[in-house]
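A.B. asks: Would you mind keeping the following structure in view while I ask a few things?
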Amino acid sequence: MKFSEMPYTRPDLPKLLGEYDQLTAQLRSSSSLEEQIALYKRQEALGQSFQTMYSICEIRSTVDTRDPFYEKEKEFFDESAPLVNEKSMEFSKAMLASPFRAELEQQMGSLLFRNMELEVKSFSAEIIPLMQEENKLASQYQKLYASAQVDFMGKPRTIAQLAAFKQDPDRAVRKAAYEAEGGFFDQHREEFDSLFDQLVKNRTEQARRMGYENFVELGYIRQQRNCYGPAEVAVFRRQVLRDLVPIVREIKAVQEQRIGVDALKFYDDVYCFPDGNPMPQGTPDELLAAGKKMYTELSPETAEFIKLMFDMDLFDVLAKEGKAPGGYCTSIPDYRCPFIFSNFNGTAGDVDVLTHEAGHAFAFYLADRLIERAALRCPTMEGAETHSMSMEFLTAPWHHLFFKEQTDKYELSHGEDALIFIPYGTQVDHFQELIYANPDMTPQERNDTWMELDRQYRPYIDYADLPFYGRGAGWQRQLHIYLSPFYYLEYCLAGTAAAEVWALSMEDWNKAWETYLSFVKLGGTKTFTDLLKAVGLKSPLEEGCLKEICVPVQNWLKAHQL
């Protein structure tokens with residue numbers, strides 16, 4: 001069945017909530033280990049069916065944010081998801097209090113219960129109205145962002161479509177593209193500031209009602225950071241500032257010389273070569289065909305996976321009017337398949353997204369077929385992002401299918417970007433921690449905080465006279481800050497692990513692939529640090545790890561300069 005043929009039916013909320021209540025009552029009165037395991041499976045199937053309709057709605061509403069039917073359905077899920085969450089938490093509490101807990105952990109895995117404990121700590125029925133309001137505010141942000149129609153070079157453009165102009169060989173065009181983008185955010189400055197202010201205060205109130213000092217602790221719990229805390233994050237940040245920021249400054253100095261400018265400005269930031277950045281060679285359909293060939297040849301497992309993706313038409317990748325920004329991979333559990341959403345804009349980022357999101361999709365595909373418990377199929381997000389970011393490098397032998405004679409340029413710029421990103425991503429996480437630790441900041445104080453962090457994590461940045469970025473508001477482009485608080489450090493930890501996989505592939509690609517495949521097959525059956533340990537990779541949270549991993553990558557970049 002193709003995705004377009006999948007039927008959508010709004011879940012019968014009263015019936016669903018009643019079924020959860022019934023299962024929870026049965027669990028509490030059960031006197032049999034086997035019966036409790038069977039009840040857990042029924043509860044899991046109930047949640048999977050709800051998630052299936054939620055995913056179908058989310059995909060169709062983000063493909064066209066103007067669709068009135070799915071806009072209404074999205075509102076339904078914004079309201080109903082916290083109510084379903086409440087019932088799911090009640091079932092989890094009953095599982096945690098089971099007299100058979102030791103036996104259940106032995107059969108189902110202790111990590112399942114550790115994660116369950118975190119889920120219970122992240123929720124209270126008292127905050128349901130606040131969670132519903134939070135969902136609505138997040139949807140308003142996404143809709144506002146998607147509404148952007150910027151008149152640029154004689155045509156209306158979405159924010160995603162401006163990306164290609166930010167890489168134009170003409171410096172004036174690059175600057176104009178950034179100004180046009182910033183103009184949209186400046187035009188809607190009060191709305192973006194107000195939405196974020198409301199979200200910060202909402203999330204802070206959720207945390208305080210649950211007994212937390214602020215949202216920082218609750219944010220860590222909701223991200224299921226089950227093997228590290230603020231102390232370990234502080235170790236990682238110190239490594240980024242001490243060991244990686246100087247390397248990135250060197251990369252930027254080389255870029256400045258390479259493109260022939262006296263001083264690198266922000267509108268030069270993603271322009272890498274004097275004759276233009278590497279661009280995919282082909283139409284979107286040809287890029288997808290190249291992707292199909294790549295995954296067919298990569299391994300027997302990826303061949304089966306990509307056949308499913310094309311047979312079921314599980315992509316929507318073209319940037320178009322009304323489409324939500326960004327890219328993502330989600331799952332449709334009842335159909336045992338993933339879905340990839342993107343905004344192709346003719347840049348190398350199209351291939352980055354294709355390989356990145358396919359890494360997520362492939363991991364879901366394998367875990368669904370190898371791991372019985374749905375809750376243990378996906379690791380916490382650091383592990384999931386390791387799936388995707390490693391795939392970007394392991395597909396290198398096939399990158400010529402996309403870039404042809406520009407492949408060397410792509411490999412170099414992609415490798416540089418991998419290191420450049422980590423300080424930025426760490427900055428995003430640090431920014432959120434400071435914001436939620438000080439929730440009464442004014443919009444200007446938040447912008448000032450971003451600029452101060454910029455000076456630490458990206459000291460090479462010069463915003464010149466770009467008003468939007470120059471006033472410190474550039475963070476408002478980052479969807480995660482509004483939609484998924486504290487979901488960003490995961491990319492940095494995963495990026496470090498992916499860099500180690502890349503370094504391994506430089507020596508022995510087959511060994512790197514087998515290491516990766518072993519990691520993916522474990523799904524979420526271990527914590528992030530234990531997953532790494534199980535396959536022989538280092539933990540980015542350990543002192544000295546970042547420097548050890550980045551040195552071979554830096555050496556490769558120096559050896560492959562063009």
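A.B. asks: Just to verify a number: FRET efficiency for residue 283 and residue 542, C-beta to C-beta distance, R0 = 30 Å, to 0.05?
C.D. replies: It comes out at approximately 0.10.
A.B. asks: What is the distance in Å between the Cα centroid of the range 234-264 and that of the range 479-509?
C.D. replies: Taking the Cα centre of the range 479-509 as reference, the centre of the range 234-264 is 18 Å away.
A.B. asks: Evaluate the relative contact order of the range 413-500 (contact order divided by residue number), counting alpha-carbon pairs under 8 angstrom at least 6 apart; express in whole percent.
C.D. replies: 43
A.B. asks: Where only protein heavy atoms count, and the probe is 1.4 Å, what is the accessible area per residue for the chain in Å²?
C.D. replies: 40
A.B. asks: Also: Which percent of the accessible heavy-atom area of the range 330-396 goes to carbon and sulfur, probe 1.4 angstrom?
C.D. replies: C and S atoms contribute 53 percent here.
A.B. asks: Considering only the other residues whose Cβ falls under 10 Å of the Cβ of residue 135, what net charge follows from Lys and Arg at +1 and Asp and Glu at -1?
C.D. replies: -3
A.B. asks: When only Cα pairs under 8 Å and 6 or more residues apart are kept, what is the percent relative contact order across the range 232-349?
C.D. replies: Worked out over the range 232-349, it gives 19 percent.
A.B. asks: Output the peptides 271-282, 373-384 sorted from most to least packed, where packing is the average of other Cβ atoms within 10 Å over each peptide's residues.
C.D. replies: Descending mean neighbour count gives 373-384, 271-282.
A.B. asks: Might you report the magnitude of the Cβ-based charge dipole of the range 94-199 about its Cα centre, with Lys and Arg at +1 and Asp and Glu at -1, to the nearest 20 debye?
C.D. replies: 440
A.B. asks: Is there a pair in 143/320; 175/404; 292/521; 72/143; 74/143 whose C-alpha atoms are over 20 Å apart, and which pairs would that be?
C.D. replies: Flagged as over cut-off: 175/404; 292/521.
A.B. asks: Then there is this: Give me the distance between the Cα centres of the range 295-341 and the range 403-420, rounded to whole Å.
C.D. replies: The range 295-341 and the range 403-420 have Cα centres separated by 24 Å.
A.B. asks: Roughly how many Å is it from the Cα centre of the range 83-112 to that of the range 119-185, as a whole number?
C.D. replies: 39
A.B. asks: If you filter the range 198-265 for GluC sites (Glu not before Pro), then keep DSSP loop positions with at most 14 other Cβ within 10 Å, what is left?
C.D. replies: Those satisfying the criteria are 213.
A.B. asks: Quick one: of the DSSP bridges fully inside the chain, what percent are antiparallel, nearest 5?
C.D. replies: 75
A.B. asks: Note down the relative contact order for the chain as a percent, whole number, built from C-alpha pairs under 8 angstrom at least six residues apart.
C.D. replies: 18
A.B. asks: Please give me the summed charge of the neighbours of residue 413: other residues whose Cβ is under 11 Å from its Cβ, Lys and Arg +1, Asp and Glu -1.
C.D. replies: -3
A.B. asks: When the helices in the chain are scored as -39500 (n - 2.57) per DSSP H run of 4 or longer and the sum is shared across all residues, what 222 nm value do you end up with, to the nearest 500 deg cm²/dmol?
C.D. replies: Mean residue ellipticity, 222 nm, calculated: -21000 deg cm²/dmol.
The values are calculated or read from the model by the stated rules, or taken from the named source; none is laboratory data. Model, not experiment: these values are computed from the prediction. Here Cβ is always computed from backbone atoms with ideal geometry, including for glycine, and neighbour counts include all displayed protein chains. Surface accessibility is based on the protein's heavy atoms, side chains included, excluding ligands, DNA and RNA. Shrake-Rupley method; radii C 1.70, N 1.55, O 1.52, S 1.80 Å.
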